[in-house]
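J.: Structure provided below as structure tokens; questions to follow.
The values are calculated or read from the model by the stated rules, or taken from the named source; none is laboratory data. What you are looking at is a predicted structure, and each value in this text was computed from that prediction instead of being measured. Ideal geometry is used to build each Cβ from the backbone, glycine not excepted, and the neighbour counts take in all protein chains shown.
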Amino acid sequence: MDRDLTAEAQEVLAGGVNSPARSFRSTGTPPLIARSAQGAWITDTEGRRYADFLMAWGAVILGHAHPAVTEAVRRAAAAGSAFGLTTEGEVRLARLIREAVPSVERLRMTTSGTEAAMTALRLARACTGREAVLLFDGAYHGHGDALLGGPGSGLTSSAGLLPALSGALRVGRFNDPSSARAFFDTPGGPPACALVELVLGNIGVVPPQPGFLEELRLLCDRFGALLIFDEVITGFRVARGGAQERYGVRPDLTIFGKIIGGGLPAGAVGGRREIMARLAPEGDVYHAGTMAGNPVVVAAGLAAIETLLALDPWAALEALGARLERDLRDAAGETGAALQVNRVGSMFSLFFTARPVTDASSARATDRRRFQRCFARLLGAGVLLAPSPLEACFLSAAHGEAEVARLVDGVRSALTGA
Ligand code: PMP
């Protein structure tokens, strides 16, 4: 049945999918078609169950179908799924986000991380009167025209872009302060902003080295540019206050997505009051959305964040992540395999290489065949990883030792070929 559905999907959906990574193209394995999910487990259309480490690309930190979120969605849908007017829930959600992330003085919701990033760049250009934008090799901020690069740019590339837009992007090396500095202190003038994932999460997981984010803050201050943190993955994941709390650096603007929608489509941009005042209708920078702050999405996001704050799972996620990391390292040590485990809290990735992975080029220089074999073997053993060697995997509050042991056992047998 799965195969028929896959063929049918191929027939009626462009490329068989609604988002490219779902094709499993870089795994060499046919794509899974999901039927349902509960907690840390996902079930495909043939009824096979997998311990899930994809977790909706990080959107469901409480686990799938958490009862508080499900109930909130049911109630909100029954009360009217869209009004085209402001609701109390939006105000409450913005307040919760502001309390958790103090750099966010005011918020504007969108329906995706992409839109939040587009709006943040527009704000930065309007506030500074500059065009150039500094971002970093291996980062991903969404599929907007202003966020993609040309081939070989180090960013996700696309045909059909306006050269003026992609030409305004400057691509620095992550974890390399001198590379960043060169884009500020240049005859062409400094950029409007630096947009950065504090922990790279779209090239596998690459943590920031001490001093890198601090240097970006200093450069932005010195050259009058905005510092924009992309916390679409890390927001409410790597700490209550996101990666900016964890690393102690304060941005001018932050973009959010994933977790703030509780598993429904959401994004947001937030930050300093006077910058946010530039947004229409108060200011001259346009942003709008029929579904921005949709009441069902907001109900899911509120339920997710209220539950998270009450549960306070970050120490437990750190402990479980540390356990996973240690056991995977031990498995690699026992088998003599060249495996790097990169991890920040509940986000992690496996790189098949003997060398530490500290930036995009070291992430790209890993053994993809080895990853493919490991991915396929794990799938056979009922474990779903993110379907690419260059994507992050996630733990949730619903994961426990049993799921972690299943992953570690699967990796161990993949490494030994047993
Ligand atoms: N920023 C980061 C760091 C992301 O990981 C993503 C999506 N994975 C985005 C932005 C874009 O978000 P969306 O897919 O909701 O448009």
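J.: Quick one: count up the residues across the range 88-131 that are farther than 19 Å from residue 288 by Cβ, surrounded by fewer than 20 Cβ atoms within 10 Å (Cβ to Cβ) and of a type in the set (A, V, I, L, M, F, W, C).
T.: Of the residues in that region, 2 qualify.
J.: With respect to residue 17, determine if the residue is more than 16 Å from the ligand (Cβ to nearest atom) and among the β-branched types (Val, Ile, Thr).
T.: On the way: more than 16 Å from the ligand (Cβ to nearest atom): no; among the β-branched types (Val, Ile, Thr): yes.
Taking the combined requirement at face value, the residue does not satisfy it.
J.: Looking at the range 280-290, is at least one residue surrounded by 17 or more Cβ atoms within 10 Å (Cβ to Cβ) and under 15 Å from residue 108 (Cα atoms)? Full working, then the answer.
T.: Applying the first criterion (surrounded by 17 or more Cβ atoms within 10 Å (Cβ to Cβ)) to the range 280-290 yields 285, 287.
Keeping just the survivors that are under 15 Å from residue 108 (Cα atoms) gives 285, 287.
Looking through the range 280-290, at least one residue is surrounded by 17 or more Cβ atoms within 10 Å (Cβ to Cβ) and under 15 Å from residue 108 (Cα atoms).
J.: Can we say residue 326 is modelled with pLDDT of 95 or more and farther than 19 Å from residue 238 by Cα? Reasoning before the result, please.
T.: Working: modelled with pLDDT of 95 or more: yes; farther than 19 Å from residue 238 by Cα: no.
So residue 326 does not fit the description; no.
J.: Just to verify a result, which residue in the range 24-66, among those that are outside any loop (DSSP other than H, G, I, E, B) and in contact with a helix residue (DSSP H, G or I) (Cβ under 6 Å, 6 or more places away or on another chain), is farthest from residue 394 (Cα to Cα)?
T.: Filtering the range 24-66 down to residues outside any loop (DSSP other than H, G, I, E, B) leaves 25-27, 34-39, 41-44, 49-52, 55-58, 64.
Add one more test, that the residue is in contact with a helix residue (DSSP H, G or I) (Cβ under 6 Å, 6 or more places away or on another chain), and what stays is 27, 51, 58.
Working: 27: 18, 51: 11, 58: 6 Å.
So the residue we want is 27.
J.: Any idea which of 185, 176 is of a type in the set (Asp, Glu), more than 16 Å from the ligand (Cβ to nearest atom) and surrounded by 14 or more Cβ atoms within 10 Å (Cβ to Cβ)?
T.: Working: 185 fails: surrounded by 14 or more Cβ atoms within 10 Å (Cβ to Cβ).
Only one candidate passes the filter, namely 176.
J.: Are any of the residues in the range 122-132 closer than 20 Å to residue 216 by Cβ, modelled with pLDDT of 95 or more and either under 17 Å from the mean Cα position of the chain (by Cα) or part of a strand (DSSP E or B) (or both)?
T.: no
J.: Moving to a separate point now. Would you check if residue 212 is farther than 25 Å from residue 258 by Cβ and of a type outside the set (Asp, Glu)?
T.: Numbers: farther than 25 Å from residue 258 by Cβ: no; of a type outside the set (Asp, Glu): yes.
Spelling it out, it is not the case that residue 212 is farther than 25 Å from residue 258 by Cβ and of a type outside the set (Asp, Glu).
J.: With the requirement that a residue be under 19 Å from residue 192 (Cβ atoms) and away from the ligand (no atom under 16 Å from the Cβ), what does the range 219-248 give you? Before you say what the answer is, go through the steps one by one.
T.: If we filter the range 219-248 for residues that are under 19 Å from residue 192 (Cβ atoms), which is where we start, we get 219-230.
Hits for the range 219-248 are 219, 220, 221, 222, 223, 224, 225, 226.
J.: Looking at this structure, is residue 214 of a type outside the set (A, V, I, L, M) and within 16 Å of the ligand (Cβ to nearest atom)? Walk me through how you get there before you give the answer.
T.: Values: of a type outside the set (A, V, I, L, M): yes; within 16 Å of the ligand (Cβ to nearest atom): no.
Answer is no for this residue.
J.: Tell me, please, whether a residue that is away from the ligand (no atom under 16 Å from the Cβ) and among the aliphatic types (A, V, I, L, M) can be found in the range 140-156.
T.: So the first thing to find is which residues in the range 140-156 are away from the ligand (no atom under 16 Å from the Cβ), and the list is 150-153.
Right, trim to among the aliphatic types (A, V, I, L, M) and you get none.
There is no residue in the range 140-156 that is away from the ligand (no atom under 16 Å from the Cβ) and among the aliphatic types (A, V, I, L, M).
J.: Can you work out which of the residues in the range 99-120 that are in a helix (DSSP H, G or I) and among the small types (Gly, Ala, Ser) is farthest from the ligand (Cβ to nearest atom)? Don't jump to the end; show me each part of the working.
T.: Here is the first cut: in the range 99-120, the residues in a helix (DSSP H, G or I) are 99-100, 113-120.
With the extra rule that they be among the small types (Gly, Ala, Ser), the set shrinks to 100, 113, 116-117, 120.
On the way: 100: 18, 113: 2, 116: 8, 117: 6, 120: 10 Å.
This residue is 100.
J.: Could you grab the pairs with beta carbons closer than 9 Å, sequence gap of 6+ or different chains, first residue in the range 48-69 and under 15 Å from residue 302 (Cβ atoms) and touching a residue at least 24 places away in the same chain (Cβ under 8 Å), second one within 16 Å of the ligand (Cβ to nearest atom) and polar (S, T, N, Q)?
T.: Sorted first by the residue in the range 48-69, then by its partner, the pairs are 61/346.
J.: Return a yes/no flag: does the range 190-210 have any residue that is touching a residue at least 12 places away in the same chain (Cβ under 8 Å), in a helix (DSSP H, G or I) and within 16 Å of the ligand (Cβ to nearest atom).
T.: Looking for residues that are touching a residue at least 12 places away in the same chain (Cβ under 8 Å), in a helix (DSSP H, G or I) and within 16 Å of the ligand (Cβ to nearest atom), one finds none in the range 190-210, hence no.
J.: For the range 371-396, which residues satisfy the criterion of being surrounded by 24 or more Cβ atoms within 10 Å (Cβ to Cβ), part of a loop (DSSP other than H, G, I, E, B) and not aliphatic (A, V, I, L, M)?
T.: Those that are surrounded by 24 or more Cβ atoms within 10 Å (Cβ to Cβ), part of a loop (DSSP other than H, G, I, E, B) and not aliphatic (A, V, I, L, M): 389, 396.
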